[in-house]
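Quick notes on the structure that follows.
No value in this document is a laboratory result; all are computed from the given coordinates. Not measured: the values here are computed from a predicted model. Here the Cβ is made from the backbone with ideal geometry for all residues, glycine too, and neighbour counts use every protein chain on show.
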Amino acid sequence: MSQNAEKGLLMTGPSQEIDAVAADAIVPQLIARPVPVQTSGRLEFAARCPGCRTWHRHVSLGEKDAPCGAHYVLEFKNKIKGAA
């Protein structure tokens, strides 16, 4: 038998479990850049979806779930850090 076959399964300890959870938690954020659209009743934001590449309209900025199922952050390119 080869040396690898004789070793058997590795025991998982707390450090391996934490690394696995941390690796799952790191998800790249998709960012969509909005175009302001003034309608007769309110200001909306149109953006090309990074998932399906069609245009979606939203009434606010921030994290969005699009009708196609994509999840992305809707924010302007020159966003000022720390501004509300």
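What to note about this one:
- Interchain or long-range residues, amide H under 5 Å from Ile31's placed H: Val73
- Distance in nm between pseudo-label sites at Lys77 and Val59 (7 Å out along the Cβ direction from Cα): 2.9 nm
- Highest to lowest packing among 57-65, 44-52, 29-37, scored as the average C-beta count within 10 Å: 44-52, 29-37, 57-65
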